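Read the structure below first, then the notes.
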Amino acid sequence: MNTVLDFVPIWTIIIGMGVFFYVMLDGFDLGVGMLYGFAPDTPSRNLIMNSVAPIWDGNETWLVLGGVALLAAFPLAFAIIIPAVYFPVLVMLLSLVFRGLAFEFRFRDSEHKTFWDHAFCYGSASATFAQGVVLGSFIQGFEVTGRTFSGSSFDFLTPFSVLTGIALMFGYGLLGAGWLILKTEGAVQSEARRQGRICLVGVVIAIGIVSLWTPFASPAVAARWFSFPNIIIFAPVPILALVVAFLTWRALGSSREAGPFIGAACLFALSYIGIAISLFPMIVPYKYTLWDAASSEATQAFLLVGTLVLLPVVLMYTAWSYWVFRGKVRAEIGYH
């Protein structure tokens, strides 16, 4: 008997990995961009920007990978989700472009340096908020008729999506603070520790609100978390989140440099796992599963060949860039 290989779990892992790497890597440099706006003087701003200048553009590779993989492997999901969140995605992309210009023009257009400072900070903040709105809209689900999004262009804008937008700003801020603690010294590092604690409080509050809001809004999610024996099986996730938050708070107040960033990364990982538990196997929440939305097996197999060649290259390039630019950032080293 012929056995057909199921490519859906493979593509699910690839897309899940791509999204997680994007959130982690571009998340911290967007967080650095938001914290940049609170820097007290030009030398501090130079130092903060130089901490992400060599690697920020490579981090966005994962956004492209995730989007293209979604289109190729799950075209039905792409056709429903993108029209539903068109405006926040547009805001995110324009913000990322505007923010990217600030890296170059701030050092070359000295007459308008203040303008480009604002572009870097507000571009980072608006891109982060837009991503959080997309996440909130995704968790809430979309109005679908047949195989088409049938809601309005502004269905994405709800109290819940605004909350997730603000929550992601705190989360990326925490990642950014952890990165600055790793890469800087002195006053900039001390200020990053203080900002990290503020962001951590916001993250914990946001996780608590979202964790309570989602089950009350969706009976399916409530049944997934609170039915027996699931409540016992999944209980370690929120317990670990509390433990990690406590350890991260302590690391932010100590002399440890790696602890805050690792703690922030673990909080994101646990939140990611929590969302997966709530929604799996849905890719269009409450409407279509991964298998419902998948492209043909031949298409998935053909695209997988190229992806398995490209993915190691992206991983090696990313690892090499972080290795080359390891260590502390010094004020006298500029972005050229």
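The values are calculated or read from the model by the stated rules, or taken from the named source; none is laboratory data. What you see is a predicted model, and the numbers here were worked out from it, not measured in a lab. Methodologically, a virtual Cβ is constructed for each residue, glycine included, from the backbone with ideal geometry; neighbour enumeration extends over all protein chains shown. Surface accessibility is based on the protein's heavy atoms, side chains included, excluding ligands, DNA and RNA. Shrake-Rupley method; radii C 1.70, N 1.55, O 1.52, S 1.80 Å.
Condition first: touching a residue at least 60 places away in the same chain (Cβ under 8 Å) and farther than 15 Å from Ala77 by Cβ. Now tell me which residues in region 136-160 satisfy that. Steps first, please.
We begin by selecting, within region 136-160, every residue touching a residue at least 60 places away in the same chain (Cβ under 8 Å); these are 138-142, 144, 147-149, 151, 153-156.
Gln140, Gly151, Ser153, Phe154, Asp155, Phe156, listed by residue number.
Counting only helices (runs of 4 or more DSSP H) wholly contained in region 251-336, the ones carrying 1 or more residues that are open to solvent by less than 30 Å² (accessible area, probe 1.4 Å) and either under 19 Å from Leu175 (Cα atoms) or modelled with pLDDT under 90 (or both) occupy 259-279, 297-324. Only one entry in Trp213, Trp116 is over 25 Å from Trp249 (Cβ atoms) and of a type in the set (A, V, I, L, M, F, W, C), namely Trp116.
Can you tell which of Phe138, Phe154, Phe170, Phe107 is out of contact with any Leu (no Cβ under 7 Å at 6 or more places or on another chain), more than 17 Å from Ser95 (Cβ to Cβ) and modelled with pLDDT of 95 or more? Can you show your working first?
Details: Phe138 fails: modelled with pLDDT of 95 or more; Phe154 fails: modelled with pLDDT of 95 or more; Phe107 fails: modelled with pLDDT of 95 or more.
Sole residue among the options that is out of contact with any Leu (no Cβ under 7 Å at 6 or more places or on another chain), more than 17 Å from Ser95 (Cβ to Cβ) and modelled with pLDDT of 95 or more: Phe170.
Only one of the listed residues (Phe78, Phe103, Phe142, Phe138) is in contact with a strand residue (DSSP E or B) (Cβ under 6 Å, 6 or more places away or on another chain) and either open to solvent by less than 10 Å² (accessible area, probe 1.4 Å) or closer than 23 Å to Ala293 by Cα (or both). That residue is Phe142.
Of the residues making up region 155-188, those that are open to solvent by less than 30 Å² (accessible area, probe 1.4 Å) and in a helix (DSSP H, G or I) number 19.
A single entry from Val244, Val204, Val210, Val221 fulfils the requirement of being closer than 24 Å to Met34 by Cβ, open to solvent by less than 30 Å² (accessible area, probe 1.4 Å) and either in contact with a Cys (Cβ under 8 Å, 6 or more places away or on another chain) or part of a helix (DSSP H, G or I) (or both): Val244. Return yes or no: is Pro281 closer than 30 Å to Ser150 by Cβ and touching a Ser or Thr at 6+ places or on another chain (Cβ under 6 Å)? Yes. Please specify each residue of region 9-44 satisfying the condition of being charged (D, E, K, R) and surrounded by 20 or more Cβ atoms within 10 Å (Cβ to Cβ). Answer for region 9-44, where residues must be charged (D, E, K, R) and surrounded by 20 or more Cβ atoms within 10 Å (Cβ to Cβ): Asp26, Asp29.
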